[in-house]
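A.B. asks: Structure incoming, see below.
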Amino acid sequence: MSNKANGDGLALEKPIAIYYEHPDWFRPLFQQLDERGVPWLKIDARHHHYDVASPEREYRCSSIA
């Protein structure tokens, strides 16, 4: 995982998680993230589970205001 800067010039310590259902709908987003060097990972809704007891998250946490 790289520590590249995001659009604001801030380094991302962990990748951004993209929760998706249909890969074709998200292909433009995935392409833009790759072109900009943003660290990210796919979370397929069909195979995702949430473990509330997990102490560490493998991806960046954020909220949308």
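A.B. asks: Please list, ordered by first then second residue, the pairs with beta carbon atoms under 8 Å, 6 or more apart or interchain, first in the stretch 37-65 and open to solvent by 80 Å² or more (accessible area, probe 1.4 Å), second at pLDDT below 70 and hydrophobic (A, V, I, L, M, F, W, C).
C.D. replies: From residues that are open to solvent by 80 Å² or more (accessible area, probe 1.4 Å), the pairs are 60/12.
A.B. asks: Identify, please: which residue in the stretch 36-65 is at pLDDT below 80 and acidic (Asp, Glu) and is, among those, nearest to the chain's Cα centre (by Cα)?
C.D. replies: 58
The values are calculated or read from the model by the stated rules, or taken from the named source; none is laboratory data. Nothing here was measured: the structure is a model prediction, and the numbers come from that model. In this analysis, Cβ positions are derived from the backbone assuming ideal geometry, glycine residues included, and neighbour counts consider all displayed protein chains. Remember, those area values only see protein heavy atoms, side chains included, never the ligands or the DNA or RNA. Shrake-Rupley method; radii C 1.70, N 1.55, O 1.52, S 1.80 Å.
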